[in-house]
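The values are calculated or read from the model by the stated rules, or taken from the named source; none is laboratory data. This structure is a prediction, so every number in the text was calculated from the model and none was measured. Glycine gets a Cβ as well: all are built from the backbone with ideal geometry, and neighbour counts include every protein chain shown. Accessible surface is based on the protein model in full, side chains and every heavy atom, while ligands, DNA and RNA are left aside. Shrake-Rupley method; radii C 1.70, N 1.55, O 1.52, S 1.80 Å.
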Amino acid sequence: MQDLKAKTIRGGLARLCAQGLSFLLRVGSLVILARLLSPKDFGLVGMVAAFMGVLIMFRDFGLSSAAVQWKAVTEEQISALFWVNISLGVVLGLAAVAMAPAIAAFYHTPQLLWVTVVLAMGFLFNAAGVQHSALLQRHMRFTTLALVNGGSLIVSTAIGIGGAKAGYGYWALVAMSVTSPLVGTIGFWLSTGWVPRLPQRGAGIRSMLHFGGTLTLNGLVAYIAFNAEKVLIGRFWGTESIGIYGRAYQLVNIPTENLNTAVGEVAFSALSRLQDDPVRLKSYFLKGLSLVVGLTLPITISCALFADDIIMVFLGPKWKDAGAIVRLLAPTIAIFGIINPLGWLVYSIGLVGRCLKIALVFAPIMIAGYLMGLPYGPNGVAFAYSAVMMLWMIPHIFWCLHGTVISLWDILRTVSRPLGSGILAGGLAFGVRLFCSEYAPPLPLLALESGVLLATFFGVLLFVAGQKSLYLDLLRGLRGPSSVSEISAAT
């Protein structure tokens with residue numbers, strides 16, 4: 001515990017650097033693949049992905065989170081969880097193969113049959129590395145995690161781009177998706193050096209299975225709530241529409257997902273270790289929330305104000321229709337920046353049942369919003385997505401915080417400083433855009449307006465809003481003790 005702060009900060013820095021690399025690779029691959037492939041190629045894989053994502057929610061049954069959240073786990077328990085994950089991987093892979101004809105028939109697209117069959121292999125590849133990854137996370141070896149995840153992304157990206165240049169079309173995206181979990185699992189095994197034992201009776205994992213099962217069911221309901229629109233657009237508006245919507249959604253989602261993954265894994269591990277220390281739990285959580293919101297708001301403002309320039313620079317002219325969708329989805333970036341950290345808090349103190357209740361109430365509301373927007377095409381669905389999220393945010397915060405050491409006032413106070421800085425910076429950057437848009441091409445213009453936005457935002461945040469001490473404290477944490485005894489696999 002005595003070095004938890006330093007380990008958390010160094011782990012967070014490692015994950016942020018890795019996710020920064022991941023962001024560059026994912027955006028870079030998107031830029032290249034968008035020029036090598038057509039919206040229809042992306043749409044075909046996106047159609048399958050929307051269905052496969054439901055099965056993906058079961059791929060580790062929440063057991064990796066259970067292994068991290070539990071105060072103490074034994075070698076026998078980890079081994080038992082490994083074999084449960086392998087069994088799930090086999091079952092899910094076979095289920096995906098069985099679903100393949102139905103998916104092809106649903107979309108009236110025969111090519112989807114073999115796309116689904118090949119993507120099904122990813123379930124077994126992922127299952128074999130889940131508990132190895134959880135061990136690294138539990139021991140807070142985030143630098144190792146970052147290296148493995150970064151390596152798998154580099155290899156899969158290279159295969160995807162190579163396949164696209166060779167003319168394999170949507171199969172390049174399929175190969176890219178399957179390669180990533182395979183390479184990652186190999187890296188996790190080599191990094192941990194842990195070999196699971198044969199399963200034994202009486203390993204004592206029933207409570208962990210209950211925790212993981214509740215977490216999985218919550219994830220499944222949330223996944224349906226946040227991805228049903230892709231199924232609806234693909235079914236009623238066709239492959240090109242879902243291809244365009246999917247790329248816009250990806251551009252908006254990549255920074256949010258990377259940031260939540262980077263900070264979320266570290267925060268969940270640290271908060272789980274502090275679940276019996278409410279004072280430190282509150283301090284750690286609010287600092288993490290402040291960091292995430294501070295890094296999220298500039299992205300939100302950029303997508304809202306400069307969407308057309310972003311599309312022209314990253315995707316090219318044939319994707320221009322995606323600009324309006326990016327702009328309409330922009331508010332969700334900030335909203336997820338606020339509500340995602342609440343998930344770390346609630347999961348770390350074991351309130352997974354509450355999360356499930358929240359998801360069961362929210363999902364029907366979200367799907368009803370999609371159905372209202374669907375007659376107006378992808379733009380109408382994107383508007384509905386953001387509108388429902390904005391209306392839901394305050395009730396969601398209240399429900400998550402009930403009975404915890406965090407209050408709504410703590411959240412509002414933490415968010416207010418980045419928000420005020422963002423409003424000021426956004427106004428100045430938009431003024432620059434209005435003045436220069438007629439004279440500068442998209443790339444220099446995007447660089448100029450984004451530079452003004454970032455410089456103003458962080459200048460005001462650090463020196464006017466008084467956030468400099470927070471970031472200096474993070475930097476001081478990096479100089480903490482560098483050698484800490486490892487937690488054994490039996491703890």
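Close Cβ contacts (under 8 Å, 6 or more residues apart or on different chains) running from residues in the stretch 301-320 that are within 15 Å of Asn379 (Cβ to Cβ) and part of a loop (DSSP other than H, G, I, E, B) to residues that are open to solvent by less than 20 Å² (accessible area, probe 1.4 Å) and not hydroxyl-bearing (Ser, Thr, Tyr) comprise Lys320/Ile311. Checked against the criterion of being assigned to a helix (DSSP H, G or I) and under 19 Å from the mean Cα position of the chain (by Cα), the candidates Leu374, Leu356, Leu360, Leu328 yield just one match: Leu356.
The listed residues are Leu391, Leu351, Leu286, and the only one of them that is out of contact with any Leu (no Cβ under 6 Å at 6 or more places or on another chain) and either touching a residue at least 60 places away in the same chain (Cβ under 8 Å) or open to solvent by less than 20 Å² (accessible area, probe 1.4 Å) (or both) turns out to be Leu286.
Every residue, every condition in (1) over 19 Å from Gly43 (Cβ atoms); (2) open to solvent by 20 Å² or more (accessible area, probe 1.4 Å), yes or no:
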residue	(1), (2)
Trp114	no, yes
Asn126	yes, yes
Val130	yes, no
Val155	yes, yes
Ala166	yes, yes
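Scanning the stretch 370-388 for residues that are open to solvent by less than 70 Å² (accessible area, probe 1.4 Å) and among the hydrophobic types (A, V, I, L, M, F, W, C) yields a total of 6. Within the stretch 419-448, if we keep just the residues that are of a type in the set (Gly, Ala, Ser) and out of contact with any helix residue (DSSP H, G or I) (no Cβ under 8 Å at 6 or more places or on another chain), the residue that is most open to solvent (accessible area, probe 1.4 Å) turns out to be Ala447. Out of everything in the stretch 269-283 that is in contact with a helix residue (DSSP H, G or I) (Cβ under 9 Å, 6 or more places away or on another chain) and of a type outside the set (D, E, K, R), what residue ends up being surrounded by the fewest Cβ atoms within 10 Å (Cβ to Cβ)? The residue in question is Gln275.
Going by the conditions given, is Ile103 part of a helix (DSSP H, G or I), open to solvent by 20 Å² or more (accessible area, probe 1.4 Å) and not small (Gly, Ala, Ser)?
Details: part of a helix (DSSP H, G or I): yes; open to solvent by 20 Å² or more (accessible area, probe 1.4 Å): no; not small (Gly, Ala, Ser): yes.
No.
Per-residue answers, yes or no, for (1) within 19 Å of Trp392 (Cα to Cα); (2) open to solvent by 10 Å² or more (accessible area, probe 1.4 Å):
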{"residue": "Val293", "(1), (2)": "yes, no"}
{"residue": "Ile299", "(1), (2)": "no, yes"}
{"residue": "Ala304", "(1), (2)": "no, yes"}
{"residue": "Met312", "(1), (2)": "no, yes"}
{"residue": "Lys320", "(1), (2)": "no, yes"}
{"residue": "Leu328", "(1), (2)": "yes, yes"}
{"residue": "Ala334", "(1), (2)": "yes, yes"}
{"residue": "Ile338", "(1), (2)": "yes, yes"}
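Does Gly451 satisfy being open to solvent by 30 Å² or more (accessible area, probe 1.4 Å) and in a helix (DSSP H, G or I)? When the stated conditions are applied, Gly451 passes them.
Would you pick out the residues in the stretch 454-473 that are outside any helix (DSSP H, G or I) and open to solvent by less than 50 Å² (accessible area, probe 1.4 Å)?
Step one: filter the stretch 454-473 for residues outside any helix (DSSP H, G or I), giving 464-467.
Residues satisfying the conditions are Ala465, Gly466, Gln467.
May I ask you to say which residue of Thr256, Thr261 is in a helix (DSSP H, G or I), in contact with a Gly (Cβ under 8 Å, 6 or more places away or on another chain), closer than 23 Å to Arg141 by Cα and modelled with pLDDT under 85?
Working: Thr261 fails: in contact with a Gly (Cβ under 8 Å, 6 or more places away or on another chain).
Sole residue among the options that is in a helix (DSSP H, G or I), in contact with a Gly (Cβ under 8 Å, 6 or more places away or on another chain), closer than 23 Å to Arg141 by Cα and modelled with pLDDT under 85: Thr256.
Scanning the stretch 394-418 for residues that are open to solvent by 80 Å² or more (accessible area, probe 1.4 Å) and either part of a helix (DSSP H, G or I) or touching an Asp or Glu at 6+ places or on another chain (Cβ under 7 Å) (or both) yields a count of 6.
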